[in-house]
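Contents: one structure, followed by commentary.
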Amino acid sequence: MINVLIFGPPGSGKGTQSVKLAEKFNLTHLSTGDMLRAEIAAGTKLGKKMSSIMSKGELVPDEVVIAMIAAKIDSTKDARGFLYDGFPRTVAQTRALERMLNERRMKIDSMLVLEVDHDELVKRLAGRAELSDRPDDKDTEVIENRIEVYKEKTEPIINYCRKRGIYQPVDGMGTVEDIFVRLSYHIKKLK
Ligand code: ADP
């Protein structure tokens with residue numbers, strides 16, 4: 001089984017690309033953002049607790065998302081592998097994922113990092129704000145905080161993965177299809 005991380009700042013296109021890649025390569029798409037939003041939509045106790053954190057653009061506690069991912073990995077049978085979108089978001093989450101995979105005789109095979117110019121990110125997020133029903137996409141201050149949180153807490157994972165030889169930058173500019181072709185090229189190599 002292969003384990004691939006799709007990485008990049010808010011607005012870099014991880015979600016869009018992950019859905020397409022999961023289908024093409026028969027991978028299970030694991031998006032902690034989607035899982036958390038499902039908890040909120042279902043009105044669970046956890047969802048209620050997490051929604052105020054998410055609406056500020058802050059990260060939910062590591063142990064919450066780590067438990068969600070572990071449960072999904074163990075309940076998925078017969079997958080060709082997993083595509084992680086929006087997880088890990090801290091170095092602690094990365095270490096926990098490595099440990100989890102290790103215990104199951106797997107590893108992180110590749111970290112594909114979408115690189116997008118700052119101006120383009122702001123443009124895409126503003127466009128998404130118009131269409132989105134996500135409260136964290138509506139407020140400019142919250143969007144800016146999410147970019148800050150990314151720089152401070154999430155970006156350090158790049159160095160961590162670079163040292164492990166799994167870091168792969170990918171040009172995230174251009175059409176959805178162009179970017180899909182570039183990402184596909186790297187996943188194909190892992191087979
Ligand atoms: P985007 O990719 O647009 O930044 P996501 O849908 O991945 O957003 O996540 C939305 C929000 O959910 C985040 O801002 C954060 O509050 C929470 N969240 C999602 N994944 C994680 C995670 N791995 N660790 C902590 N918080 C998370």
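Observations, loosely collected:
- Residue in segment 142-162 that is modelled with pLDDT of 95 or more, in contact with a strand residue (DSSP E or B) (Cβ under 7 Å, 6 or more places away or on another chain), closer than 28 Å to Asn26 by Cα and not aliphatic (A, V, I, L, M) present: yes
- Residues considered: Glu63, Glu23, Glu58. Of these, the only one that is under 24 Å from Asp117 (Cα atoms) and of a type in the set (Asp, Glu) is Glu58.
- Annotation: Tyr167 fulfils all but one of (1) among the aromatic types (Phe, Trp, Tyr); (2) over 29 Å from Ala41 (Cβ atoms); (3) out of contact with any strand residue (DSSP E or B) (no Cβ under 7 Å at 6 or more places or on another chain); the unmet one is (3).
- Selection within segment 110-131 - farther than 22 Å from Leu21 by Cα and either within 12 Å of the ligand (Cβ to nearest atom) or in contact with a Lys or Arg (Cβ under 8 Å, 6 or more places away or on another chain) (or both): Ala129
- Which listed residue, of Thr94, Thr76, is of a type in the set (S, T, N, Q), touching a Cys at 6+ places or on another chain (Cβ under 8 Å) and farther than 21 Å from Glu177 by Cα: Thr94
- Being surrounded by 12 or more Cβ atoms within 10 Å (Cβ to Cβ) and over 26 Å from Asn3 (Cβ atoms) is a condition met by at least one residue of segment 146-168.
- Scanning segment 9-47 for residues that are crowded, with 18+ Cβ neighbours inside 10 Å, at positive phi and more than 8 Å from the ligand (Cβ to nearest atom) gives a single hit, Gly13.
- Only one of the numbered conditions (1) open to solvent by 40 Å² or more (accessible area, probe 1.4 Å); (2) modelled with pLDDT under 95 is violated by Leu121, and that is (1).
One line per residue, one yes/no per condition, for (1) at pLDDT 95 or above; (2) surrounded by 19 or more Cβ atoms within 10 Å (Cβ to Cβ); (3) among the β-branched types (Val, Ile, Thr); (4) touching an Asp or Glu at 6+ places or on another chain (Cβ under 9 Å):
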| site | (1), (2), (3), (4) |
| --- | --- |
| Asp74 | no, no, no, no |
| Tyr84 | yes, yes, no, no |
| Arg89 | yes, yes, no, yes |
| Ala96 | yes, yes, no, yes |
| Arg99 | yes, no, no, no |
| Asn102 | yes, no, no, no |
| Leu114 | yes, yes, no, yes |
| Asp117 | no, no, no, no |
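- Residues in segment 48-94 that are free of Cβ contacts under 8 Å to residues at least 24 places away in the same chain and more than 13 Å from the ligand (Cβ to nearest atom): Lys48, Ala71, Asp74, Ser75, Lys77, Asp78.
- Criterion (open to solvent by less than 40 Å² (accessible area, probe 1.4 Å), under 19 Å from Ala96 (Cβ atoms) and part of a loop (DSSP other than H, G, I, E, B)) met by exactly one of Val60, Val4, Val64: Val60
- Within segment 33-72, being basic (Lys, Arg), under 20 Å from Val142 (Cα atoms) and modelled with pLDDT of 95 or more holds for Arg37, Lys48, Lys49.
- Residue check for Ile143: within 14 Å of the ligand (Cβ to nearest atom) and either touching a residue at least 60 places away in the same chain (Cβ under 8 Å) or buried (at least 16 other Cβ atoms within 10 Å of the Cβ) (or both): yes
The values are calculated or read from the model by the stated rules, or taken from the named source; none is laboratory data. Every value quoted in this text rests on a predicted model; they were computed, and no experiment measured them. Glycine gets a Cβ as well: all are built from the backbone with ideal geometry, and neighbour counts include every protein chain shown. Keep in mind that these areas ignore ligands, DNA and RNA; they rest on the heavy atoms of the full protein, side chains included. Shrake-Rupley method; radii C 1.70, N 1.55, O 1.52, S 1.80 Å.
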